[in-house]
Every structure is written in C-alpha cells, then in structure tokens.
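**Student:** Sharing a structure with you now.
The values are calculated or read from the model by the stated rules, or taken from the named source; none is laboratory data. Keep in mind it's a predicted model, so treat the numbers as computed, not measured. Here the Cβ positions follow ideal geometry from the backbone for every residue, glycine too, while neighbour counts run over all protein chains shown. These accessible areas exclude ligands, DNA and RNA; they are computed on the full protein's heavy atoms, side chains included. Shrake-Rupley method; radii C 1.70, N 1.55, O 1.52, S 1.80 Å.
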Amino acid sequence: MSTIPIKNIAAAEIVGHFINNVDVADNNRPQPVTNPATGEITRHVAMASQATVETAIAAAQAAFPAWRNTPPAKRARIMFKFKQLLEEYAEEISAAITDEHGKIFDDAMGEFGRGVEVVDYACGIPELLKGEYSKNVGPGIDSWSDFQPLGVVAGITPFNFPAMVPMWMYPMAIACGNTFILKPSEKDPTSPLIAARLLKEAGLPDGVFNLVNGDKEAVDALLNDDRVQAISFVGSTAVAEYIYTTGTKNGKRVQALGGAKNHAIVMPDADIDNAVNALIGAAYGSCGERCMAISVAVCIGDEVADSVVRKLQAEIASLKVGPGTDISNHMGPLITKVHHDKVRGYVDLGIEEGADLVVDGRGLVVEGHADGNFLGPCLFDNVTSDMRIYQEEIFGPVLCVVRAESEEQAMQLINDHEYGNGACIFTRDGEAARYFADNIQVGMVGINVPLPVPVSYHSFGGWKRSLFGDLFAYGPDSIRFYTRRKTITQRWPVGGVREKAKFAFPGRQ
Ligand code: NAD
C-alpha cells in the first residue's frame, strides 16, 4: 500500500485567526474539525466574533495606504517568494487537505498546484497593471487609464477546495494593491492557515493579508462593514445569492460563485471508451464534491446510452474507495456525516422518483473505517428532467444518465437548467462541437474535456444561478474586479499660452 504520512500539520488544538501577521488565539464558540475518513475530531476551530472581524478590518485598513503605494514590481517579488515557499510546503499543505477534507492525497496535490498557478499569474502584476495610454487625444492633450486598488477586500470560501479557491482570490487582490481578509471554510481550516504563515515568511507587510475563521457571524460582520470595498465568494447558491444581495445593497462590489449541475453530452460518433473514462474521473473524483464535477451524462440515442451505462458499470466495479492517505484509492469520504446522509437521501429519492439505480453505493463498507463518511459510487439510468435528482445539486458520487434523441434536445435540457457552470460534449464531429460551444448557456465549455477548469491566465465562472455578479474569478477578470479604473486627461500649457473660456462642450478635435 502506498501511504503518504500526515506530518507536521501546523495547527494548534484550536485553529485561531491570523491578523497583522500574528496568530490570534481564540476560544470563542470552538467548532470541531473532523477527519472524514475516521470520524475522529482532530482539532477545533474558533468562530470569530464581530469584534475579532473588526480588528482584522482595522489591520487591513491601516496597511492599505503603504501597500497601495508599494511598487507592483516589489509586490511581485513577494508573490514570487510566496510561490517558492508554497512549493517547498506542497506536501504538508496537501496532507492537511487530505486530513480535513478527505480527498485522495494526489488529488489534494493537484488542487494545490492549480492554486499555485494563480500565484504564478500574480507574479506578472507589473505587466498586467500597465494601464492604457493615448497621446494627443486633442492638441497637446494626453489621456490614460489607471487601475487603482479598491482598499480592503474580503474572500469567503467553501470546504471543497480549501487551498485552491482562496488562492483564486487573495494573490490577485494583494498583487493589485488591496489588503485582504480571508474567511475560509470552518470544515477544513488548516491549509489556508499554513499559507497565511508562508505569506508572512515571504515578506508580506503586517495587515496586508488577514485570516479570520468563523461562520455567519463573521461573514455578516464583513458584509455590513463600510470599510470592506469588495467581496469574492465561492460556495452554495443560496449563500451566494445572500452575499450578493446583501453586499451590493451595502454598496460593495461582489462576485459570488454558486452551485452547479454540469452535464456531459455523449454523441453517437464519440469515442465511447474515452468518454466513459472521462466521465468516471469527472463524476467520482473527489467523491463528486467539485463544482465542476459531471453529475449528468446525456446520451444521444438508446444505443449510446446502453453502451455508456454498461461500460460505466464495469469501470465503477474497479473503483477503490477508502482513506485519502492511500493514493491507490480513487475516492475518499464525503466531508461530514450530515452531508453523507444528505447525498444518501438523494439516492433514496431517485429510486422513489422512478429512476433506475444501476449501481448502488449505499452498502459500501470500508474496513477499519466504520465511522468514516464513505459512500460508494452510485449510477442512475433513465433520469428525467422533472426529477429532483436531476434538478438539484447533489454534490456527491452520484451520476445521472439522461437519454435524449438529438444534440439539440440535449442542449435544450442544459439551457433550461437553473445552473450554468460548466458543460462538455464528447464527439468527433467538429461542426457539432462548434455549434455546442457557441450556443450552450454555461460559463465554461469542454470539447472532449470533462473538467474544463480554465488555467490561471483565463478566468473561471458560470452563468445563470452559478454566478451572481459580472466578473469571473482569477485571470484577466480579477484585475478588473480588484481595481477601479480612473481615466486622467492632461494638458500642460505650452509657452505659458492661456486659453479663453469656452462655453460649448469640448467637441471633436
Ligand atoms: P457553503 O455555501 O455552505 O459555505 C461557503 C462559505 O460560506 C463558508 O465559508 C461558510 O462558512 C459560509 N457560510 C455558510 N452558510 C452561511 C450563511 N448562512 N451565511 C453566511 N455565510 C455562510 O458551501 P460549502 O458547502 O462549503 O461548499 C460547497 C458548495 O460550493 C457547492 O454548492 C459547490 O457547488 C460550491 N462551489 C462552487 C464553486 C464555483 O466556482 N462555482 C467552487 C467550489 C464550490
């Protein structure tokens, strides 16, 4: 068995906060953090009070004037040092992810690597912030646009990518000259805390990055404080909508990324073996707890559907489920007992709704892990769009096969769905793929790519109820989100010549 030891997890018994580059201990309402593979409570995490959040906001506010005026090249050097440190601590951070989230260690390393990519991108900030310049927009008049930081900005993140999703936010926010407060998920708080300490070691000045752990009380303190200029949120749609509505009502810039139901269309001309392999990884990887997980496979025609279901059944039979510390496993546990029971409840519901449960993961026993939140992979066939298992995000290892008659009908299903995060198509037909990419109503499209998560120099986001706000996360959109444009028009009188007052609006030159 290839086992990665969980070592040196840099957390106290109670995970506190990190404010002004200092660990802040806090015994306020400590909540248990549980290892999902064993059910064991490994540590506790403090829930910040409003007063603690206000201390973090004050620290960020005080750090802003100097950080705003720090040359972008110097900010980039700190990011570069941070990236080096992250790479040095890659195993420790990934082990913390596996310990608290449950995902398989190499999946945790993969998540971590995609987060570090955004730090790579942030290292280019002097180039990215160069702005726009036009000489002689009128006689002797020059004009340029400057992209200025907003001030104190905050990020609120979900449990399922405890290292990567925070890194979608703070490297770019900080590189743009803002100061930042992170409120990570209370379910797996250790990896963001290690990263916070590494930012300090990289030379980030006090107060530029602050971390508060907590729940709704901490989030509401951020939402209701006038000093916070912008909020980035990633999590479930209900909370995303609340954050967007409350934040924008309070005059903040908000981007709130929510839930998903990602479809894959399998066309009759597709390489079916390839499509099945892709579906297996995208549906069951990370136990289906990915916002880009494929949860619906729409097969065009009964022949394709029969073949896909048969091959999926065979592949599922070879999947190994167990603790994430054993990298020969394909799937780990679900995050909590409550979430396990919710996902299991959806499997019961699917049967009641009349779908065919062709693979039932409910009876799974992982030896030696009776208290782990394990659920085996589940596969439903003959799912229809009126069923709740089709309409709602399950966020677990449950794949629904829907049968459709044509690409057009399959695309209509996707376009009618309330979520619009990602979708993909498996085909050998360039025309069908191009039509799909052009007309499908989602934010991220894959063509023979099951998890089309954009790289760090593009931007990530969904449409419809998968994103509230106008701008995507990281990539070029993050420069727009974390800065405010200012356009400056300048004239210096030549030779002391004074112009007469003009009363007409300046016309075309
Ligand atoms: P969640 O919405 O329960 O929690 C997200 C964050 O909001 C956490 O920090 C949590 O403490 C806070 N929070 C929870 N309830 C709150 C409330 N009532 N008021 C204020 N704050 C609150 O989400 P989760 O269970 O941690 O994560 C899973 C969800 O995140 C799934 O729906 C998944 O699709 C979504 N997600 C979306 C993306 C994306 O990019 N669209 C990426 C990852 C996860």
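**Student:** Tell me the carbon and sulfur percent of the accessible area for segment 262-447, rounded to whole percent, probe radius 1.4 Å.
**Tutor:** 45 percent
**Student:** Still on this structure, please answer the following. For K342, which aspartates and glutamates qualify as cross-link partners when the Cα separation must be under 18 Å and same-chain residues fewer than eight apart are set aside?
**Tutor:** E289, E352, E353, D360, D371, E392, E393
**Student:** How much of T427 can a 1.4 Å solvent probe reach, expressed as accessible area in Å² and rounded to 10?
**Tutor:** For T427, solvent-accessible area is about 10 Å².
**Student:** Would you mind getting the accessible area per residue of segment 262-447, heavy atoms of the protein chains only, 1.4 Å probe, in Å²?
**Tutor:** Result: 39 Å² of accessible area for each residue.
**Student:** Of the peptides 130-142, 434-446, 55-67, 464-476, how do they stack up when ordered by the mean number of other Cβ atoms within 10 Å, highest first?
**Tutor:** 464-476, 55-67, 434-446, 130-142
**Student:** Based on Cβ point charges of +1 for Lys and Arg and -1 for Asp and Glu, what charge dipole magnitude is obtained for the chain about its Cα centre, in debye rounded to the nearest 20?
**Tutor:** Approximately 3080 debye in magnitude.
**Student:** Give the ranking of E241, E111 by solvent-accessible surface, highest area first, calculated with a 1.4 Å probe.
**Tutor:** Listed by decreasing accessible area, they come as E241, E111.
**Student:** For the charge dipole of the chain, defined by +1 on Lys and Arg C-beta atoms and -1 on Asp and Glu C-beta atoms about the Cα centroid, which residue among V53, H340, Y242 has the Cα displaced farthest towards the positive pole?
**Tutor:** Going by the charge dipole, the pick is V53.
**Student:** Could you give the length gained by full extension between K249 and E54, i.e. 0.36 nm per residue of separation minus their alpha carbon distance, to one decimal place?
**Tutor:** Gain in length upon complete extension: 68.2 nm.
**Student:** Another one. Heavy atoms only, 1.4 Å probe, whole protein assembly: order H44, H369 by accessible area, highest first.
**Tutor:** The ranking, largest first, comes out as H44, H369.
**Student:** Round to the nearest 10 and report in Å² the accessible area of W144, as given by a 1.4 Å probe over the protein chains' heavy atoms.
**Tutor:** Roll a 1.4 Å probe over it and W144 shows about 70 Å².
**Student:** Under a point-charge model restricted to the Cβ atoms of Lys and Arg (+1) and Asp and Glu (-1), what is the dipole moment magnitude of segment 262-447 relative to its Cα centre, in debye to the nearest 20?
**Tutor:** 640 debye
**Student:** What accessible area, in Å² to the nearest ten, does a 1.4 Å probe give for F105?
**Tutor:** 10 Å²
**Student:** Something else: Toward the positive end of the charge dipole of segment 262-447, about the Cα centre and with charges on Cβ (Lys, Arg +1; Asp, Glu -1), which of V366, I280, S307 goes farthest?
**Tutor:** Final value for the positive-end residue is V366.
**Student:** Classify segment 1-134 from the C-alpha gyration tensor, please: rounded if a/c falls under 1.5, else prolate or oblate depending on whether a/b exceeds b/c.
**Tutor:** Judged from the Cα gyration tensor, segment 1-134 comes out oblate (a/c at least 1.5, b/c at or above a/b).
**Student:** Here is a further query. Report the antiparallel proportion of the DSSP beta bridges in segment 262-447 as a percent, rounded to a multiple of 5.
**Tutor:** Counting DSSP beta bridges with both partners in segment 262-447, the antiparallel share is about 10 percent.
**Student:** How many nm separate the modelled label positions at F505 and Q490, each set 7 Å beyond the Cα in the direction of the Cβ?
**Tutor:** 2.7 nm
**Student:** With the Cα gyration tensor of the chain giving a ≥ b ≥ c as the square roots of its eigenvalues, does the rule (a/c under 1.5 for rounded; else a/b larger than b/c for prolate; else oblate) give rounded, prolate or oblate?
**Tutor:** Judged from the Cα gyration tensor, the chain comes out oblate (a/c at least 1.5, b/c at or above a/b).
**Student:** Do the alpha carbons of any pairs in K83/K337; K464/K486; K249/K486; K81/K249 sit beyond 28 Å of each other, and which pairs?
**Tutor:** Table pairs above 28 Å Cα-Cα are K83/K337; K464/K486; K81/K249.
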